[in-house]
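Trainee: Sending over a structure as structure tokens; questions will come in a sec.
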Amino acid sequence: MEEAKPDATNYLRQCHNKLWTRSQFSTICKVDYVTNNLTESFNNWIKQYKSLNLDDLMDKIRQLLMLKWNQRRKIGKKLDGLILPHIIKLLNEKSRELSLEVAECSKEVAEVTTLGGSGFRFVMNLVDRTCSCRQWQVSGISSKHTLAFVTSLANEPIEKHVDFYYSIEAMQEG
Ligand SMILES: [Zn+2]
């Protein structure tokens, strides 16, 4: 990219030096949002309370979060399975029509090559829960490379390779 579009690279370094590449994302929080939609939703959620004094505003936010977590906990108790349904749906959609070649190194490690196009190669480790594209580490949701490996294995459920943050158990615990 630096060779093909040096201006774009400079722009990204100056204006988005921490956000434009997955290689710089922390792996502590598992999130697949790369927009500020979450912030906008939160601001909209609390906008009617913004005129409160800071301590009252913080207390109101605490109460709103408490109510939201309780609501989600109740919803979670009605769900069956291991992983949240929208994540399973996403993984099932992503696992269709994978144009990838899997080279199995061991039961837990494989190298996956993109067929046609770039021919990029990615290495994943099911035990460490890593893929060299870093999507798995950053989002907690298996990348398509990982899915290609997992679906090539016999009796290996895709739910097993999703972070605990997306589990129904985590939602029930709140
Ligand atoms: Zn990957």
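Trainee: Just give me the residues in the range 23-32 being part of a loop (DSSP other than H, G, I, E, B) and exposed (fewer than 11 other Cβ atoms within 10 Å of the Cβ), in sequence order. Steps first, please.
Mentor: Within the range 23-32, the first condition is being part of a loop (DSSP other than H, G, I, E, B), and the residues that meet it are 25-32.
Scanning the range 23-32 gives S26, I28, C29.
Trainee: For N53, indicate whether it is within 26 Å of H16 (Cα to Cα) and open to solvent by 60 Å² or more (accessible area, probe 1.4 Å).
Mentor: Here the answer is no, as N53 does not meet what is asked.
Trainee: Let me ask you something else. Going through the range 82-127 one residue at a time, which ones are under 16 Å from E156 (Cβ atoms) and not aliphatic (A, V, I, L, M)?
Mentor: Matches in the range 82-127: N92, K94, S95, E104, C105, S106, K107, E108, N125.
Trainee: I've got another one for you. Look through E2, E111, E93, E101 and report the one residue that is modelled with pLDDT under 90 and acidic (D, E).
Mentor: Only one candidate qualifies: E2.
Trainee: Right, another one. Only one residue in A148, A170 is away from the ligand (no atom under 12 Å from the Cβ), in a helix (DSSP H, G or I) and open to solvent by less than 40 Å² (accessible area, probe 1.4 Å). Which one?
Mentor: A170
Trainee: Answer yes or no: is there a residue in the range 61-81 that is over 29 Å from E159 (Cα atoms), open to solvent by less than 80 Å² (accessible area, probe 1.4 Å) and of a type outside the set (A, V, I, L, M, F, W, C).
Mentor: Yes: the range 61-81 contains one or more residues that are over 29 Å from E159 (Cα atoms), open to solvent by less than 80 Å² (accessible area, probe 1.4 Å) and of a type outside the set (A, V, I, L, M, F, W, C).
Trainee: Whether any residue in the range 82-100 is open to solvent by less than 60 Å² (accessible area, probe 1.4 Å) and more than 17 Å from the chain's Cα centre (by Cα) is what I want to check.
Mentor: Checked against the condition, which is being open to solvent by less than 60 Å² (accessible area, probe 1.4 Å) and more than 17 Å from the chain's Cα centre (by Cα), the range 82-100 yields at least one hit.
The values are calculated or read from the model by the stated rules, or taken from the named source; none is laboratory data. Note that this is a predicted model, so its numbers are computed, not measured. Backbone-built Cβ (ideal geometry, glycine too); neighbour counts: all protein chains shown. To get the accessible areas, we keep the full protein, side chains included, count just its heavy atoms, and leave off ligands, DNA and RNA. Shrake-Rupley method; radii C 1.70, N 1.55, O 1.52, S 1.80 Å.
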